[in-house]
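Below is one structure; the comments refer to it alone.
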Amino acid sequence: MYIVVDERQLVTSGYVASFGREGVPSMGFYSGEFREWLETASTVDLNAVQGFVLGDFADRSSYPELIRNHSRAPIIALSETRSLEQTLELFTAGIDDVVRKPVHVKEILARAEAVWRRVNSAEEKTTIGRLKVFYDGRDPEIDGEAVTLPRRERHILQYLVRARGRRVSKMQLFNAIYGLYNEAVEESVVEGHVSKLRKKLRERLGYDPIEAKRYMGYMFVDRG
């Protein structure tokens, strides 16, 4: 899930729609609303955030520090004008990357994934037996060979691996994959994504690493 912050509803709604066309969940906030959400959001909700996109609003330079108190996700700033002084100010404030508008969300996604690789290299991947899971947009690998997964199945696997050993509810997975408060998609679709993911992993690993219990949710367990 990506968080877009701007004082103009036209900007936030435009980017939310563009992320949606790429199959990526997102939410738009005014700056004041965002601060309140950030300070009250649960750990589960914050773990679902893959990146923050900050538009042009007052006191934007103060927000990276606030975000870093709650999340390690990449912070991308949108620039309205070509200004070296503004760009340097944003980098000094802790912004991970600055992109000049207009920009396609595909570029924002690529830049965010590059930030994950560069800044969070210690958490770039998790190796569990024969399975290697990446957090920078790459498909997982089993026995050194890539397992091609649709974006949502890949995100489900990443989320479950990060939470391995702990049970995750269907609602938590839904929020992570489709975004909070998304009423346009039925929560039950998560079951279909998880079922397809489990089948692919089982075929390659020879066992099912995702434990599912009705009414209780899912948990990644290493049975290898």
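The values are calculated or read from the model by the stated rules, or taken from the named source; none is laboratory data. The structure presented is a predicted model; accordingly, all values stated were derived computationally and were not measured. Don't worry about glycine lacking a Cβ; one is built from the backbone with ideal geometry, like all the others, and counts go over all protein chains shown. Side chains are part of the model used for accessible areas, which takes the heavy atoms of the whole protein and leaves out ligands, DNA and RNA. Shrake-Rupley method; radii C 1.70, N 1.55, O 1.52, S 1.80 Å.
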**Message:** For a protection proxy built on the mean count of beta-carbon atoms within 10 angstrom, sort 15-25, 33-43 highest first, please.
**Reply:** 15-25, 33-43
**Fill in**
For Gly51, other-chain or 5+-apart residues with amide H closer than 5 Å (H placed, Pro excluded) are Ile3
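If you take every residue apart from His70 with its C-beta less than 13 Å away from the C-beta of His70, what net charge results, scoring Lys and Arg +1 and Asp and Glu -1? Don't jump to the answer; show the numbers that get you there.
Details: positive: Arg35, Arg68, Arg72; negative: Glu36, Glu39, Asp45, Glu65.
Taking every Cβ under 13 Å from that of His70, the sum is -1.
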**Fill in**
Applying the gyration tensor rule to the Cα atoms of segment 96-176 (axes a ≥ b ≥ c; rounded if a/c under 1.5, else prolate if a/b exceeds b/c, else oblate), the class is prolate
**Shape category assigned to segment 130-183 from the gyration tensor of Cα positions, a/c cut at 1.5** = oblate
**Complete:** Note on the chain, DSSP bridge orientation, antiparallel percent to nearest 5 equals 45
**Complete:** Calc'd 3J(HN,Hα), segment 55-70, phi into Karplus 6.51 cos²θ - 1.76 cosθ + 1.60 (θ = phi - 60°), Hz, glycine/Pro = x, comes to x, 9, 8, 4, 6, 4, 5, 8, 7, x, 5, 4, 4, 5, 6, 10
**Message:** For the chain, take the longest principal axis of its alpha carbons; what is the angle in degrees between that and the long axis of helix 84-93, to the nearest 10 within 0 to 90?
**Reply:** 50
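Would you compute, from DSSP H runs of 4+ residues alone, the mean residue ellipticity of the chain at 222 nm, taking -39500 (n - 2.57) per run and dividing by the full residue count, rounded to the nearest 500?
-13000 deg cm²/dmol
Per residue, how much accessible area does segment 96-181 have with a 1.4 Å probe, in Å²? Can you show the working numbers first?
Numbers: 4100 Å² over 86 residues.
On a per-residue basis, segment 96-181 sits at 48 Å².
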**Fill in**
For the Met216, Leu66 Cβ pair and Förster radius 25 Å, calculated FRET efficiency rounded to 0.05 is 0.10
**Request:** Could you pull out the pairs from Lys101/Lys125; Lys170/Lys199; Lys106/Lys132; Lys170/Lys196; Lys106/Lys200; Lys125/Lys200 whose alpha carbons sit more than 23 Å apart here?
**Result:** Lys101/Lys125; Lys106/Lys132; Lys106/Lys200
**Request:** Report relative contact order for segment 18-81 in percent, whole number only (criteria: Cα-Cα under 8 Å, sequence separation at least 6).
**Result:** 34
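When ligands, DNA and RNA are left out and all protein chains stay put, how many square angstrom of accessible area per residue does segment 1-40 have with a 1.4 Å probe?
Details: 1830 Å² over 40 residues.
Value for segment 1-40: 46 Å² per residue.
Determine the shape class of segment 1-122: with a ≥ b ≥ c the square roots of the Cα gyration tensor eigenvalues, call it rounded for a/c under 1.5, and otherwise prolate if a/b is greater than b/c, oblate otherwise.
Details: a/c = 1.14, a/b = 1.08, b/c = 1.06.
Note, shape of segment 1-122 comes out rounded.
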